Structures are given as C-alpha cells and as structure tokens.
Amino acid sequence: MRVALVVAALFWATATPDSTAIGLEAFPLRIVWDLHISPETEHVTEWLARQGWCWAVEVPPHAAPEQVLGLKNAGFVVVGQIHAHPETRIWHWSRQNMATPDIEAFVTLIRQANEEAPRIQFFMEDDSAGVGFSAAYLRNPPASHAAAKAMFDEYLETAMDAARCFPDVVPWAMAGFAGTSHHYARHGARCIIIERANDDVEDLQTAIAFARGAARQFGCEWGIDLSLWWGVIYGCAHNLPASFYKRHLWLSYISGAQVFRIEGGDLLVTPNGPTCVAGTVAEFASRACVLPPGKADAPVAVLLPQDHGWMTPAYWRTANESWNYARLPYRQGDRGIDGFFGAAFPSSVYAQDPFPKGAYAEEEPPASPFSLSCITPEFAHEPGQVWRAAPPILFGAYKNRRDAYADFTVNGIDPSPYRPMGDTRWGDVLDVITDDATVDAMAAYKVLIILGRVLMTDSLRERLLRYVEHGGSMIWAAGVASPVEDRLVGALIQPELRAGREWQWRNEDFQREAFRYCPVVLNQAGQDGLEMVAKTRSGQPLVLSHRIGRGIVYTCLVPWFEAGHTPLSRLALRLFDEVIRPLQPVVVEGPPAAWTCAKTEEALYVAIANHDDAVWKGNITARNFSESIDCCTDIIENETIGFENNSGGIKIDIDIKPFDVRVLQFKYLKK
C-alpha cells in the first residue's frame, strides 16, 4: 500500500457481458513495473530490459519528462499513476510536502510516451487508504448500507468526471478491498486491480472471485496487486524468502488474472542484483510467458446486493461490521455471506493478520498508520476514532515491531508460517456478481447462488426466471425467497419460523443440527418438476428443487442459509456440495489445499498450492475429458509426472513441499 512497483500480467482477458461463454480472451503476458524513475534507478530499468519480459514501466506524476520519454526510447510502454479525485490528489501530495501535480500536463506526457492508447492508474486504493475516500466514513459516518454506497458512488463519480476529460485514456483502478470491485467497474474503470499480500487487507481467493466477477459482469480487465508491506515488522518483505509471493502469482495467473501489481519497484532490484521477491517474479514470468492462452474455469457465480459492503471478516474482529471504516452493524443475511465464503475458502479469515507473533509490549510503531486494525491520530476525525484492535493473545515474541524487523531480516526468516493463505473447498470456481447483472452476464455461469439481503424487484425476478428457463441452476434461501416468489419456489412459503433439530437429505441418515425454517404449503394436487430434497422428521420440507424450463431452482427454507450457532448451516453446506462438486473440473484428494484450473486448446492447467508447513501428499483427478491425455508435466519444475487413466478421469499422485505451489499441464493427445 505504501510503495509502488507494479507487475501486470495480461494473459486472459474477460469475455464481454453479453457472452454466454465462461472463457476469457487470450492476451500475451505483459509485465508493468511501477518505478519512481530517476538517475538512481537506472540499474532497475537496465535489469528489466535484460529480462525480456517487462512490457511497461509505470511512473508517478513528478517523474522528469526526459526520463519518461527515455523509457519509450528504450522500448517500454509507459503507464501513468495519478489520483483523479482532486481532493485526494491534493491530500496525497501535501502529506509528502510536494506540490500537487498538474493532471493535464501529466496526461499529455503519458500520451507522448506511448504509441497506443495511454493507460493511467486514476485510483490508488482510494477505498482503503487514509488519504482517499475511506476517511470520509470517519468524517461523516453513514447510517445504512444504502447511504454508505451512495457516498462511495458520489466520490467515484467526482473522480471519473475528472478522468473523462481525457477520453483517449484507459482508466485503471486499484482497490484495497475486494468488495469495491464492482463499484469501480460500474463507474467506468477498465481494469480493476485488488491489493493482496498485505496484513491490512483480505485473502487472495475472495479477491479473485470479486475482481474476476466484476470484470466479466462489466466487460473490463482485472488483476491482483502484491504488496510488499508487512505491518508485523513495520517494513517491506522484499528481501525475505518469497514463497508467499510465488503462490500468489501462480494461483492468480491460472485463475485468469490479467494484471499483477507488486509494490516497491525501487526496492526490488539493487545495484548488486534482484532481491528475493524480484527473483521470484522473474522466475514466474519466464515460465508464464511461454504458456498458450487459456480460459479460467469458473462455472459458479455468487450474486450479492450492490450495497453489500461485505469483506472477509478478520479472525481478530470482535464485532460483525460491514462497509470497512463505516463499521456498519450486520443486517439480516450478512452472516450467511460469512458462512458461505468461510466454507468455500477455509482459513481465509486469517489472511488479514497483524498479530501472528502475538502482542507487542510496545505499540509504537503501529502495524499501519491507517488500517482496519489501527487508526492513528493523523487520520481520526475525532479523538474517539483513534484505536487499535486487541491482539487475540495477550503475550508475544517481540518488544516492538522494530525488533521483529531485525529478527526477520537479519536471520532471513521465511514469513510464510506467519502469513496464512486461504484454501479452497471447491477450487477457485466462484465469481461474484451483483444484482444489476444482465441476463447475459448471468448466463455465463452454470450455477447462480444468491446471498445477502437482495431485494427482489420485478426486473430482477424476470432476469432470474429467464436465466433458469434457459438452463441455469439457482440456489437461494428463505429471506430473499418469500411468500410472493411461489413462481420460482414452486410452493408457497409461509410467513412464520419454526425450530428444527435434525434434517434428512433424501434417503440418507438424519443429521442433528439446530436451525430455524419457514414451512411451506405444497400444491395438494402435486407440482410438476417439484422435489423435496431435504426434510424434517415430521416431513416438513427444508430444501426444494423446482424445475423450470431447462433449469432448476433450489430453495433452502432455512433463512439466509444460517444456523443459530454458526453462520452457515450444515444443511446449506450439503446443498452447496450437491450442486457445485459435479462442476469441479478436477477432484483433489488429500489435506487442505488451494487450487484453480484453466483450459487451452491444447491442455488443462491446474495450479495447486500447499499453505501448510508439512509436505502435502494427495492425488488429483482431471475428469469430464473429451480428449485423451498425452502427458502430464509440472511446468515449474519441468518434470514429467506419471498418470493413471481410468473411468473416473486422469489421476496423478503428487507431493507438494511446504508453502509451495505446483502447476500441472495435462496435455491433450494430438489427433
């Protein structure tokens, strides 16, 4: 968040919103390196030029024109970086005791430095940084989710009004929180980049789901920013062992990321050579640049309300809050969102963690001057807003963060055990879209899951009906499903709640669980296409499936999918497993892991990461193949892996080292 190197990989581009294909158009690998260019950084650009995979260099507005134009002469594309919002631009540069840059002059310079349409980062974590919009929630706290959204919309529109003065410029936006992806895209940003690898923000998996979904819904590009900042040591992790970044790069890339943003370009390459992180980026790029174009496999969409304000809840958080710094209390249905993503991405709640080494005896310096875990007096609107989150344990390893920095850097300690990453239950097969998605945008997915407090309008109801009639499967719960939705439910939901104590899935054994549910009235004459999938011991329906046209609607009668003591009922999880697992392109058996898939005309690619400190031993079965497999190769290690071809698919047994990732290529047999 505080330093600026960009690595942008444009490998798979999003389909346009009216496409019914799930695939992404192909682009070559492009790497953009954000650099505070000066005579002192010539060794950086020289190193980049020798690597051969650097497509562009990103520059700030105070860069000297002769140096910017020199990048063009050296063969680099030049990307600009300046805040579009006038007040944010002034605030940002005043904190650095520098003059506010002239946006028109800077845009003119970026035009001169490019042969093609200029690209400019007009948003730099405006949703999360202290000098951006996020501080507005402290100055003028909104009273509701709708009010919080309206405030953010007004801010984005003011910024985009400034950006639209330059219609030839392609506006990019970098967000700190995944949940703001759709807002940036809705207001016209053409590339949405989500910051990750920082204890100020959330996990990688939700960033992929939200950014990729926003890109597909609005027809733009998406990417992942890899921050160097680590608040645990109050410094940057550029010269520590970098397996943490290696896993981010490969999981994002095979998931279809088009931009990787890695902060700290000035730090990453020294006159003596690359640091650990720069070396990891170079190794990644040298292998990724030779891969053929692919399509990320994401057949499932989660539909949220536009004003959801949700983010992965940090495990140290003691209250349920939405809309980041607005800290709005949860509304009905928000716990169900927590529960679903917690099931989809186990361990994701530990990614935003400034306390992996416990409490510090001294809190100066803080983990960050401005973050969800710490707000310092500079950014507080009033004294009561100054605060620090309480660490989950009251003892710790270090006196302060300077001691932590010294220990990690002097001893070269791998931060991986202290920087948790989320696993995946079904793989990275999920995208997130919002309730203004068109029918065509919905049709890109085989399954649509409605979460949160979505308000059913006539327009949304008609779009959902058309989606199902044309072959989609929809999952929703009582809460959004109501007594007026009998056309979709296939039965009449009653306006009352009853207590349940156990449930039966089809003819399986009863499962004990406490929950509430809404009873329904079934058509006594029978309803074509209606099936009771789960029920109470007394025969009351708990899950109904209703066939409509070529599709199906699954209605969970447990409101919002929530149980009394957990954010997701086990009955709802059983339903999600039933519908999602048959769509997984691969089956992974073994300890928890994170995995994702992409397909090309010649091969299936699977990236699987082990986020644990023990060797991962298991197997992967690639199924539903219409092609025969010629060979299976680990493209990182460049080694062939034996496989077994059986009725279940193509199966391999593999080991993965602690905190490492493998990328497997299942190459089709040429006909």
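When you work out D = kT/(6 pi eta Rh) for the stretch 12-296 at 20 °C and 1.002 mPa s, using the Kirkwood radius from C-alpha pairs as Rh and the Stokes-Einstein form, the result is 111 µm²/s. Taking the Kirkwood radius as Rh and the Cα radius of gyration as Rg, the stretch 430-583 has a ratio of Rg/Rh equal to 0.94.
Spatial offset of the stretch 562-599 relative to the stretch 465-505 amounts to 21 Å, using the alpha carbon center of each.
On full extension, the segment bounded by Leu669 and Arg487 gains 60.8 nm, given 0.36 nm per residue less the C-alpha separation. When the P(r) of the stretch 586-668 is calculated, the portion above 15 Å amounts to 52% of the C-alpha pairs. Taken about its Cα centre, the chain carries a charge dipole of about 1440 debye when Lys and Arg each add +1 at the Cβ and Asp and Glu each add -1 at the Cβ. Check each of the GluC sites (Glu not before Pro) in the stretch 429-519 and keep only those in coil by DSSP with at most 10 other C-beta atoms within 10 angstrom; list them in order. Hits after loop and neighbour filter: Glu496, Glu508. Compared with the direct C-alpha span, the chain from Asn507 to Ala105 gains 137.6 nm at full extension, assuming 0.36 nm per residue. Indicate the gyration tensor shape class of the stretch 199-311 (rounded, prolate or oblate), computed on the Cα atoms with a ≥ b ≥ c the square roots of the eigenvalues: a/c under 1.5 is rounded; otherwise a/b larger than b/c is prolate and the rest oblate. Because a/c hits 1.5 or more and a/b fails to exceed b/c, the stretch 199-311 counts as oblate. Here the contact order of the chain, divided by its residue count and restricted to Cα pairs under 8 Å and six or more residues apart, works out to 13 percent.
This structure gives Rg/Rh (Cα atoms, Kirkwood Rh), computed directly, and of [x] 0.96; [y] 1.04; [z] 1.01 that value is listed as [x]. Among the trypsin sites (Lys or Arg not before Pro) in the stretch 550-628, those located in a DSSP loop and surrounded by at most 12 other Cβ atoms within 10 Å of their own Cβ are Arg550. Note on Lys667: lysines with a C-alpha under 21 Å away, same-chain residues under 8 apart excluded, are Lys295, Lys599, Lys651.
Distance from the C-alpha centroid of the stretch 81-116 to that of the stretch 412-451: 34 Å, rounded to the whole angstrom. Just tell me which aspartates and glutamates come within less than 20 Å, Cα to Cα, of Lys357; anything on the same chain fewer than 8 places away is out. Candidates past the 8-residue exclusion: Asp199, Asp200, Glu202, Asp203, Asp403, Asp407, Asp414, Asp612, Asp613. Beta bridges assigned by DSSP with both partners in the chain are antiparallel in approximately 60 percent of cases.
With a simple spin-label model that places each label point 7 Å from the Cα along the Cα-to-Cβ direction, the separation between Asn645 and Val521 comes to 5.9 nm. Shown is the FRET efficiency for Arg498 and Arg461, computed with R0 = 30 Å from the Cβ-Cβ distance and rounded to the nearest 0.05: 0.70. The calculated FRET efficiency for the pair Glu602 and Glu382, based on their C-beta separation and a Förster distance of 60 Å, comes to about 0.50. Each of Glu87 and Ala361 was given a label point 7 Å from its Cα along the Cα-to-Cβ line. The distance between the two points is 4.4 nm. How would the stretch 261-318 be classified by its alpha-carbon gyration tensor: rounded, prolate or oblate, with rounded meaning a/c under 1.5 and the a/b versus b/c comparison settling the rest? Oblate.
With the charge dipole of the chain set up from +1 on Lys and Arg Cβ and -1 on Asp and Glu Cβ about the Cα centre, the Cα lying farthest toward the positive end among the listed residues His85, Leu573, Trp387 is that of Leu573. The spacing between the stretch 200-233 and the stretch 131-190, judged by their C-alpha centroids, is 16 Å.
Candidates Gly564, Gly471, Thr457 compared by Cα position along the dipole of the stretch 430-583: farthest toward the positive end lies Gly564, with charges placed on Cβ. Looking at the stretch 572-608, the GluC sites (Glu not before Pro) that sit in a DSSP loop and have at most 16 other Cβ atoms within 10 Å of their own Cβ are Glu601, Glu602. For the stretch 164-296, the share of DSSP beta bridges that are antiparallel, to the nearest 5, is 20%.
Neighbour counts of C-beta atoms inside 10 Å place Met421, Met532 in the sequence Met532, Met421, starting with the fewest.
Using a simple spin-label model with pseudo-atoms 7 Å out from Cα toward Cβ, Gln112 and Cys631 lie 5.2 nm apart. Across the stretch 503-511, computed HN-Hα scalar couplings (Karplus, 6.51 cos²θ - 1.76 cosθ + 1.60, θ = phi - 60°) run 9, 10, 8, 6, 9, 6, 5, 5, 10 Hz from first to last residue, x flagging Gly and Pro.
Take every DSSP beta bridge whose two residues both sit in the stretch 12-296; close to 15 percent of them are antiparallel.
Sorted into 10 angstrom bins from 0, the C-alpha pair distances of the stretch 492-566 split as 18, 52, 27, 3 percent.
With a ≥ b ≥ c taken as the square roots of the eigenvalues of the C-alpha gyration tensor of the stretch 73-133, please select rounded if a/c is under 1.5 and otherwise prolate if a/b is larger than b/c or oblate if it is not? Prolate shape, in that a/c is at least 1.5 and a/b is the bigger ratio.
Read-outs throughout are calculated quantities, based only on the coordinates presented, and are distinct from any laboratory measurement. The shown structure was predicted, so the numbers you read here are calculated from the model rather than taken from an experiment. A quick note on method: Cβ atoms are made from the backbone with ideal geometry, for glycine too, and the neighbour counts reach across all protein chains shown.
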